[in-house]
1. Considering Cα pairs under 8 angstrom that are at least six residues apart, work out the relative contact order of segment 169-284 and quote it in whole percent.
2. Once you have the Cα-Cα distance between Arg247 and Ser143, take 0.36 nm times their residue separation minus that, and quote the gain in nm to one decimal.
3. Quick check: residue separation of His196 and Arg327 times 0.36 nm, minus the Cα distance between them. What number comes out in nm?
4. Taking a cut-off of 29 Å between Cα atoms, list the lysines near Lys126, but don't count ones fewer than 8 places away on the same chain.
5. Note down the nm distance, to one decimal, between modelled labels 7 Å out along Cα→Cβ at Ser308 and at Lys115.
6. Could you calculate the contour length gain from Asp130 to Ser349, that is, 0.36 nm times the residue separation minus the distance between their Cα atoms, to one decimal place in nm?
Amino acid sequence: MMTRSLVRLIALSCVCIGMGVAQAPVTPSTPKPRFAIAMPIEKGYPPIYLTVPEVVPNSNYIATCGTYLYGENLHHMANPDPTVRQPSLLQLECKAEGDQVSITATVYYGEVDPKTGPTDWGKLEKQPLDSYSGKLNDSITLSAMARVGLEPMTLKIVSAQSEHPYQPLTRSNAPSLDMEYAPFDRSSGTLTIHNHSSKAVVALEFSSSNDSKNLGCLDDCNDGWSEGAESRGRGEVIAPGASYQHRVSNNPSWKDVNGKRVELPLPTYLTLTAVVFSDGSYEGNLQTSAQMAATNNGSMVQRQRILSLIHSILAETQSDDLTTAERIRTEVKQLSTDPDVQMIAELRSQFPTLSDEDLAQLKNNLSMGMKQEKETLDYSIAENEHLFASDASDPRSKHHHQSLASLLASVYEHVEQPAHGATDLN
């Protein structure tokens with residue numbers, strides 16, 4: 001969940017570097033990084049910092065980082081060799097080994113669709129350029145870029161920690177929870193939210209502002225944003241007595257003042273706006289809580305419909321996984337995303353002080369949750385069609401739905417399954 005202001009902030013970062021930094025999620029064991037790559041993007045702006053994560057022994061933590069440059073951020077030489085084919089995408093990958101940071105550059109050829117991402121871009125024709133390495137405070141010029149008609153970029157290895165870290169004030173509108181912020185690297189920090197209640201949290205939202213009343217930012221500040229987490233019926237966001245961590249960006253933004261770019265101050269406050277508990281109760285802002293609950297409720301209702309449909313199809317079909325998966329996708333797409341009268345009534349019972357006008361608006365949140373469930377399943381099946389196609393050609397896997405059942409179990413691993421149906425998804 002995010003406001004238009006946050007979308008604008010994220011878009012600024014993504015436009016600058018093509019795609020965000022690929023990093024592992026924050027966990028209590030995630031070590032603070034030592035190194036970052038200062039990468040110049042546009043004249044007049046400060047560099048973008050690409051954090052180099054630390055290796056975590058005996059874990060699945062991804063100890064590499066990467067970014068992509070394309071479009072106007074991929075600078076071609078003014079007079080390139082006309083016989084040299086021009087790349088459309090530059091990928092930079094970096095990792096730390098001891099006190100050395102290595103950087104690998106790869107170029108791609110073909111049309112780049114900004115609406116897609118690395119999975120699709122990886123299918124383009126690619127050419128490795130070169131690998132470089134250096135230590136803290138070293139500058140590295142990617143000279144091999146000139147061979148393919150690109151202006152060589154000079155990167156610098158710097159400390160991952162800022163000399164002047166962002167340190168906002170934190171507060172909680174939910175009496176049973178508190179929140180703290182700690183800088184993580186130059187461009188992000190870690191929010192830790194502690195649940196001191198005896199109830200599990202199934203949805204929460206936190207936001208930023210630049211005034212003490214949390215009314216949002218004024219014209220001369222970095223726009224306010226809101227983010228959150230919802231269980232959508234998959235377990236819980238925070239167990240009773242437990243904590244939740246979330247990485248938040250503190251990338252700067254700018255505005256033009258008399259023809260000059262002026263960096264706007266980051267928001268002064270980070271606020272835990274509202275939480276919804278597993279028993280349906282809430283703390284904090286009423287409307288925000290109702291919106292989160294409505295989205296959660298819509299997801300849970302739609303999920304049970306999808307599960308019932310899946311069980312029915314798996315129990316009766318004699319087709320291979322590919323055919324069965326396509327049937328599931330087709331029939332799930334036909335499920336309605338319009339909340340029924342009972343869903344509205346349950347929401348009214350959960351939040352009795354809401355006006356009829358507020359409830360009418362919450363229909364959109366119910367519908368959003370229902371759409372999200374359909375999209376989750378559709379995306380998961382689409383991403384794994386190649387596996388189903390492989391199984392379809394293997395007579396040993398016919399009619400057993402092993403790959404399909406495994407995928408569905410991963411999508412619905414925390415969901416209580418309907419009692420009927422012959423196929424166990426867990």
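1. 37 percent
2. Gain on stretching Arg247 to Ser143: 34.0 nm.
3. Difference between extended and current length: 42.6 nm.
4. The reachable lysines, counting only those whose Cα sits under 29 Å from Lys126, are Lys43, Lys95, Lys115, Lys135, Lys156.
5. 3.4 nm
6. Additional length available on full extension: 72.6 nm.
Only the coordinates and a few stated rules stand behind these numbers; no lab work does. Computed from a prediction, not measured in an experiment: that's the story for all the values here. Glycine gets a Cβ as well: all are built from the backbone with ideal geometry, and neighbour counts include every protein chain shown.
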